[in-house]
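Notes follow the structure.
The values are calculated or read from the model by the stated rules, or taken from the named source; none is laboratory data. Given the structure is predicted, the values throughout are model-derived calculations rather than measurements. Neighbour counts run over all protein chains shown; Cβ positions are idealised from the backbone, glycine included. Accessible surface is based on the protein model in full, side chains and every heavy atom, while ligands, DNA and RNA are left aside. Shrake-Rupley method; radii C 1.70, N 1.55, O 1.52, S 1.80 Å.
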Amino acid sequence: MAAPDHLAVERSTDAGPAGSPAVPGRPGTTRRRAQERAKHGSLRSRFRRDWQLLLMTVPAIGLLLLFHYVPLLGNVIAFQDYSPYVGIKDSPWVGMSNFQWLMFDESFWDATINTLSITTFQLIFYFPLPILLAILLDSVVRPRLRLFIQGIVYMPHFFSWVLVVTLFQQMFGGAGLLAQILRDHGFSGVDIMTNPDTFILLVTAETVWKDAGWGTIIFLAALAAINPHLYEAAAVDGASRWRRLWHITLPGLRPVFVLLLILRLGDALNVGFEQFFLQRDAVGRDAAEVLDTFMYWRTLLTGEWSYGAAAGLVKGVAGLILILIANKVAHRFGEQGIYKRS
Amino acid sequence: MTMPAWAERPTRLGASVKGLVLALIVAAVLFPIYMVVLTSLSTQEAVSKAGGLVTVPGELSFGAYEQLFAGGVVTRSIAVSLGVTVVGTLLSLSVTVLAAYGLSRPGSLLHRPMLFLVLLTFLFGPGMIPSYLLVSSLGLIDSYWALILPTAVTAFNLVVMRAFFMNIPEEVTDSARIDGASEFRILWRIVLPMSKGVTAVIGLFYAVGYWNAFFNATLYLNDNTKWPLQVVLRQFVLQGQSMFVGQTGDTAIGGHALPPSLAIQMAIVTLALIPVLVIYPFVQKHFTKGVIIGAVKG
C-alpha cells in the first residue's frame, strides 16, 4: 500500500465546479446534489474527474461484452448452414430454413411441452412453499434457534446439482435407502430415479429440497419490514392470529411475491439445465427432455450448430417476450415490476 | 423469549405441531448428509451388514479417504477444483468490487450506458451454442480458463454490491477525496472495510459457483485428466457403480486392495460437500444483512 503521506502530496485538482449550496435539514439531498454537480462541466473535465471510476469498471464491462454480447452476434449462424471448418464468414446463408425445420420438429415441441409442464407444476407445488416456510420461520421467537434453523435450510442451495441428484439417488434409487428398507420388509424395491411417470414429482422434490429454504430469505426480509404496530393495533382491536396473517402479513408480502412471480413467468422456458442433463439418461427422453437439453443433444453433440443456434434464438426471444408481458401485467395491476415505467 | 404483550399465548397443540414440522424439515436436510458421511467412514463389514447406506454407526475407518488420497483421478480433480475456485473467486471478486464501486456514483462519465449494459444481461443469456463457439474460437477448449472467464462476472452480484456501496453516505468518502486520496485508495481503505459482510457473501456466491461448476467442464474440457471434482462425482458415483470398480483396478486409485466401493463413492460425495460445509457457517450470519438490502434496493 502507498505510504499515508501520499494522501497529502497528490492534491486533487479535479473537484470540478463547486456544488450548488446544500439545502439544510433535508435528508437525501446529498446524493441529488452530487448528481447535479456531476453533470456539469465539459467532457474533458468530467473525464479528468472520473477516469479512475471508468478504469475500475472497464474489466467487468469487458468481460460482459466478450462473454455476453459477442455470443449474441454469433447467433447469425442460425441463418446459415454453419460449418466450423469454413467459419461464420464463408458459411452459406440459408435464410429461415433452420427455423422452418424447427417448427416441424416433433422433438422440439416435445421438449417445449415438457419444459412448460414442469414450469407449471412447479409454479403450483414449489413456488408457494418458501412463503409458507418463511411465515413458519418468522414465528420462531427464540432468535438463536431461528438462526440455527435458517442456517440449516439455506444450506442445500449451495450444493451442486450433481450432489443433490446423487443424494436423491442414494435415498430413492434402485440401490438406495428406501428400496433397501422396503426389501427388508418383504416388499419389492422401487426405483423412483428411473421412473418416467413420476419424474415431474422427483425433479420438483429435488428443487424443494435444494431451494425452498433459500427462497425464504427474501420473504423473511419482507416480513421484517412489516410495521409491528400494525399487528399490535389489530390485536388490540380483537383480530385473531389468522386474521392478522390474512390482513397484515400476506398483503405485506405481496410486492415481493408479485416480483418473483414475474421473474419466474419470464423465465418459464428455463427449468434449470444441469438437473435435467444429469437425469435424462436414467428416465429417458420422453419425460426428461427440456429445451436446454434438446439443444445440447440434438445439436452440440451432433454438430448441427446452426440448428441449435436457431432453437436457442427462438427460446431467447420467446423468453424476452414473456418477461416483457409479465412486467406489463404487473404494471397493470399497480405493482412495480422489475423495471419502472419511465 | 420476547413475546409482545398483546400476542396470544401459543396453544400447546399449536406449539408442538410447529416444533414437529420444523424438526422434520431440519432432519430432511441433515439426514442424507449424515448418512453419506457415516457411510464414507465405515468399514466394508459395516457397510455390508447395513446392506447399503449405514444409518447406525458401526465400525469406523478412514480407509476410503486413504485410498482416494493415494493419488489418481480424485486427488487430481480436487486439486483442479480448488485451483479453479481460488483463482476464479479472486478474479471475480476483484473485478466485481472494482466495477461496483466504479458504477456507484450516478452522474459520473458514461455511468448510464455502462450500467444499462450490465442490467441488460438480466434479460437474456448468451445462448449455449454461440457461447461454445466463442470459447472455442478463443482457443480456450481444454483450458482451465474456460471454467473461469465466461462466468467471471455475474450481473446480479455486481448490482447487489453496487447497491450496498451506494448506501454508504457520501460524506464518508468526500473528506478523503478532498484530502486528495485516489479512488482506488478510497475503495481499499474506506469503502471495503465498511463492506466486509457483503464482500464475504458475494465471495461465497462466486466460490460456490466455481466449486460446483459442472456443465461448463463437460462442455469445454475434453481431456479427462483436467476434470474437476463435480465431473468425477458424476462419472463415478451417479453414472455407474460398476464403472468405478473398473477404474479402481488400474492406476485410478493406486494399486491397493479394494475398499468398500460404496464407502469410496460416499467419500467422494463428502469431499464435494466439505468446502461448502466448512466455509458456510462463517458467511451465513451476513446473509440477511448483506444480500437482502442490496437485492431489494437493486
Globularity index of region B:63-198, i.e. its alpha-carbon radius of gyration over 2.2 N^0.38 Å: 1.39
Interface burial for B against A (accessible surface, 1.4 Å probe, total of both chains, Å², rounded to 100): 9300
For chain B, size of Cβ-based charge dipole, Lys and Arg +1, Asp and Glu -1, in debye: 780
Relative contact order (%) - chain A, alpha-carbon pairs under 8 angstrom, separation at least six: 20
Straight-distance crosslink candidates among aspartates and glutamates, where the alpha carbon sits under 13 Å from A:Lys315 and sequence neighbours closer than 8 are dropped: A:Asp267, A:Asp292
Distance histogram for the protein assembly as shown (every C-alpha pair counted, 10 angstrom bins, percent rounded to whole numbers): 3, 13, 22, 25, 20, 12, 4, 1, 0
Listing of region A:200-228 residues, each with accessible area lower by at least 20 Å² in the full protein assembly than in the chain alone (probe 1.4 Å): A:Trp209, A:Trp214, A:Ile217, A:Ile218, A:Ala221
Selection from B:Thr151, A:Phe276, A:Tyr85 lying farthest towards where the dipole of the protein assembly as shown points positive, charges on Cβ: B:Thr151
For B:Glu170, solvent-accessible area (1.4 Å; no DNA, RNA or ligand), Å²: 20
Relative contact order (%) - criterion: Cα under 8 Å, at least six apart; region: region A:198-342: 27
Rounded to the nearest 20 debye, dipole of region A:138-213 from Cβ charges on Lys, Arg, Asp, Glu: 400
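Translational diffusion coefficient of region B:12-61 at 4 °C, 1.567 mPa s, Stokes-Einstein with Kirkwood Rh over Cα pairs, in µm²/s as a whole number.
Details: Rh = 12.3 Å.
Translational diffusion coefficient: 105 µm²/s.
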Dipole of chain A [Lys/Arg +1, Asp/Glu -1 at C-beta], most positive-end residue of A:Leu136, A:Trp242, A:Leu163: A:Trp242
Positive-pole candidate from A:Leu73, B:Val54, B:Leu262, dipole of the protein assembly as shown, charges at beta carbon: A:Leu73
Scaled radius of gyration (Cα, divided by 2.2 N^0.38 Å) that chain A gives: 1.35
Under-5 Å amide H pairs with B:Ser42, H placed in peptide plane, nonlocal only: B:Ser61
10 Å Cβ neighbours from other chains, averaged over peptide A:129-141: 2
Residue-normalised accessible area of region A:97-332, expressed per residue, 1.4 Å probe, Å²: 46
Helix runs (DSSP H) in chain B reaching 30 Å along axis by Cα, Kyte-Doolittle at least 0.0: B:12-40, B:73-102, B:261-284
Residues along region A:155-171 losing 50 Å² or more of accessible surface when the other protein chains are present rather than the chain by itself (probe 1.4 Å): A:Met155, A:Phe158, A:Phe159, A:Ser160, A:Val162, A:Leu163, A:Thr166, A:Leu167, A:Gln169, A:Gln170, A:Met171
Solvent-accessible area, 1.4 Å probe, carbon plus sulfur percent, for the protein assembly as shown: 66
Chain B: C-alpha gyration tensor shape, a/c 1.5 cut-off, then a/b vs b/c: oblate
222 nm mean residue ellipticity, helices alone, for the protein assembly as shown (DSSP H n ≥ 4; -39,500 (n - 2.57); rounded to 500): -19500 deg cm²/dmol
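Return one whole number: the accessible area per residue of region B:65-297 in Å², for a 1.4 Å probe.
It amounts to 39 Å² per residue over region B:65-297.
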Electrostatic dipole magnitude of the protein assembly as shown [Cβ: Lys, Arg +1; Asp, Glu -1; Cα centre; debye, to 20]: 2780
